[in-house]
Amino acid sequence: MSKADHVVIIGAGIIGAASAFHCLDAGLQVTLTEPETPGASQASSYGNAGWLSSHSVLPPASPGIWRQVPSWLADPLGPLSVRWRYFPRALPWLVRYLAAAWTYPKIERTAHALRSLLAGAPELHQHMAQQAGVGELIARSGLLHAFLSREHFLLDAKAWAIRRKEGITWQELDAVALAKLEPDLDPKYAFGVFVGETGSCRNPGDYTAALIRHAQTRGATLLHARATGFRIENGSLKAVLTESGEVLCDKAVIAVGARSKAFAAMAGDHVSLETERGYHAVVTGVDVGPRVPTMFADCKVIVTQMNQGLRVAGQVEIAEADDTPNWRRAEILRDHLLALYPALPRDLAPEQIQIWMGRRPSTPDGLPCLGLASGCTDVIHAYGHGHIGLVSSARTGRIVAQLAAGHTPEIDLSPFSPTRFS
Ligand SMILES: Cc1cc2nc3c(=O)[nH]c(=O)nc-3n(C[C@H](O)[C@H](O)[C@H](O)COP(=O)(O)OP(=O)(O)OC[C@H]3O[C@@H](n4cnc5c(N)ncnc54)[C@H](O)[C@@H]3O)c2cc1C
């Protein structure tokens, strides 16, 4: 492929934005197709928890989690739920989800692959943000896991041992050290784990938008159009089809997050991809909250101080991507937030709270689909990043550029193969 070759990136979420950044670095001509405003609320990249958690190497499921399946159906407001009417359609994905984490050796293999994608991610994001003129959006304050006690932390000891095997280190905090670090936190949390290599993004939506603007200043074209498919002739890509006509190109990147399954099929690969819907609530005008972005193991939420306000994010709801949101879930997140930081005012005005629902593009094994399509090697898969799409986008973008330029990718892509579900 020559340097002047043209890559069309379908979707301008954080994966598309990071891919554009690195394709331009590689000297490729770039067009992004996106029907909405990049980084706006339709994208999962808008409202996530901002964690640049290079230690997030474990798949979402774990051995023995199958015992919880009845509660996923029975409790529609639990931290993980499946909508009844969607259950039959989600079943094949759910079976794979449980199987992928059936044993610890399986989880170790996933962790090893994810670590290759995530190692060094905070530094890679710092570089991209600085180049795009928004370096202040990336914070390097580390990340905190809060537990009710050391015993609760030890319940998850196997998972932390797998992290240690991958070279991840952390600092353990007793109740006194935790209270010193986080004076606003409910004192019932008596144990903490601080992971110093990590970071966070103070406004993921603005970060995505800034990367797209930066790509435009470097010559990329942003086409406000919904892509509909490919024109592939004799196994060779000719164009990406959009509602505004076709865009001639040499390579195409599928980066439409939760909407990627149909594009993958058009490129010859039948992937297992579901929407794990999540929610956030942002409280503005308060000066109470965490110094360090914090994940709570018991209620399964993350609290991050964003530029817009204090964001609490979490919940997993397996449902049709466009089914109506269950806003009660965002209210539950808000209630958790008020309980976690007791000094927060109880009399919040309605205009002080913003809520959002987003769609994690999730494979059952927690590994994204990354690699060349089997039906046409000019098409590149770059989706399915689930719970870790923000943090993993930086290296994903580098790999997309390497594939688009015909170079050998910097990590082994076999665990991420889009053909692994067939
Ligand atoms: C509550 C919550 C918390 C999270 N917290 C974190 C976190 O702390 N850290 C982390 O790393 N990850 C987190 N994630 C996951 C992360 O947000 C996602 O994995 C990531 O944003 C996915 O990025 P994406 O670019 O693949 O998809 P998206 O951001 O959804 O972008 C896809 C884009 O494609 C566009 N599109 C759709 N259809 C078409 C089409 N036909 N043609 C052209 N464009 C199209 C859409 O408009 C959209 O802009 C969280 C997710 C949620 C929901």
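The values are calculated or read from the model by the stated rules, or taken from the named source; none is laboratory data. No experiment lies behind these values; they were computed from the predicted model shown. Cβ: placed from backbone, ideal geometry, glycine included. Neighbour counts: every protein chain shown. Ligands, DNA and RNA are stripped out before the accessible areas are found, and what is left, the full protein with its side chains, is counted by its heavy atoms. Shrake-Rupley method; radii C 1.70, N 1.55, O 1.52, S 1.80 Å.
Annotations for the structure displayed:
- For the range 49-65 versus the range 143-217, the gap between their alpha-carbon centres in whole angstrom: 12 Å
- Per-selection metrics, the range 278-422 (Cα): Rg and Dmax in Å: 19.1, 58
- Spin-label model distance (nm) - LEU338 vs GLU151, 7 Å beyond Cα toward Cβ: 3.0 nm
- Most tightly packed first, judged by the mean number of other beta-carbon atoms within 10 Å of their residues, the peptides 40-52, 347-359, 242-254 read 40-52, 242-254, 347-359.
- Net length gained if the chain between GLU410 and GLU36 were fully extended (0.36 nm per residue, minus Cα distance): 131.5 nm
- VAL288 contributes an accessible area of around 20 Å² to the protein surface, as traced by a 1.4 Å probe with all chains present.
- Placed amide H near ARG360: partners under 5 Å, 5+ positions off or other chain: GLU276, ARG277, GLY278
- In percent, rounded to a whole number, the relative contact order of the range 2-117 is 22, using alpha-carbon pairs under 8 Å and six or more apart.
- Other residues lying with their Cβ under 11 Å from the Cβ of ALA146 contribute a combined charge of -2, Lys and Arg counting +1, Asp and Glu -1.
- Relative to the longest principal axis of the Cα atoms of the chain, the long axis of helix 204-217 makes an angle of roughly 30 degrees.
- Segments 28-35, 361-368, 316-323 sorted - mean Cβ within 10 Å per residue, highest first: 361-368, 28-35, 316-323
- Shape of the range 308-358, Cα gyration tensor, a/c cut at 1.5: prolate
- Taking the longest Cα principal axis of the chain as reference, the axis of helix 389-404 is set at about 20 degrees.
- Prolate/oblate/rounded call for the range 8-60, Cα gyration tensor, a/c under 1.5 rounded: oblate
- Ligands, DNA and RNA are left out, and with a 1.4 angstrom probe the accessible area of the chain is 40 Å² per residue.
- The chain: proportion of alpha-carbon pairs further apart than 41 angstrom, %: 12 percent
- If you run the Gaussian network model on the chain, springs between alpha carbon atoms under 10 Å, then out of ARG226, ARG67, ARG140 the most flexible one is ARG67.
- Separation between Cα centres of the range 226-270 and the range 304-383, rounded to whole Å: 27 Å
- Within-13-Å neighbourhood charge of THR33 [Cβ basis; K, R +1; D, E -1]: -2
- When shorter helices are ignored and each DSSP H run of at least 4 residues is given -39500 (n - 2.57), the per-residue value for the chain at 222 nm works out to -9500 deg cm²/dmol.
- Choice from ALA146, ALA26, ALA264 with maximal GNM fluctuation in the chain (Cα, 10 Å cutoff): ALA26
- Taking only protein heavy atoms and a 1.4 Å probe, the accessible area of the chain is 54% carbon and sulfur.
- Net charge over other residues, Cβ less than 13 angstrom from the Cβ of LYS158 (K, R count +1; D, E count -1): +2
- Anisotropy class of the range 88-237 from Cα gyration tensor, a/c 1.5 cut: oblate
- For the peptides 325-336, 162-173, the ranking by packing is 325-336, 162-173, with the highest mean count of neighbouring Cβ atoms within 10 Å listed first.
- Relative contact order (%) - criterion: Cα under 8 Å, at least six apart; region: the chain: 26 percent
- Computed over the range 129-213: relative contact order in percent, which uses C-alpha pairs under 8 Å that are six or more apart: 48 percent
- With respect to the chain, whose longest principal axis is taken over its alpha-carbon atoms, helix 121-131 is tilted by about 60°.
- Across LYS158/LYS300; LYS106/LYS165; LYS106/LYS300; LYS188/LYS300, pairs whose alpha-carbon gap is larger than 20 Å: LYS106/LYS300
- Amide hydrogen proximity for GLY371: with H placed 1.01 Å from N in the peptide plane, the residues at 5 or more positions away or on another chain lying under 5 Å are HIS381.
- The HN-Hα couplings worked out from phi for the range 324-329 by the Karplus form 6.51 cos²θ - 1.76 cosθ + 1.60 (θ = phi - 60°) are 5, x, 9, 5, 4, 5 Hz, whole numbers, x standing for Gly and Pro.
- The string of couplings for the range 96-108 from the Karplus curve (6.51, -1.76, 1.60, θ = phi - 60°) is 5, 4, 5, 5, 5, 10, 5, 10, 5, x, 4, 5, 4 Hz, one whole number per residue in order, with x for Gly and Pro.
- Counting Cα-Cα pairs of the range 186-320 in 5 Å increments starting at 0 gives whole-percent bin shares of 2, 7, 12, 14, 14, 14, 12, 10, 7, 5, 2, 1, 0, 0.
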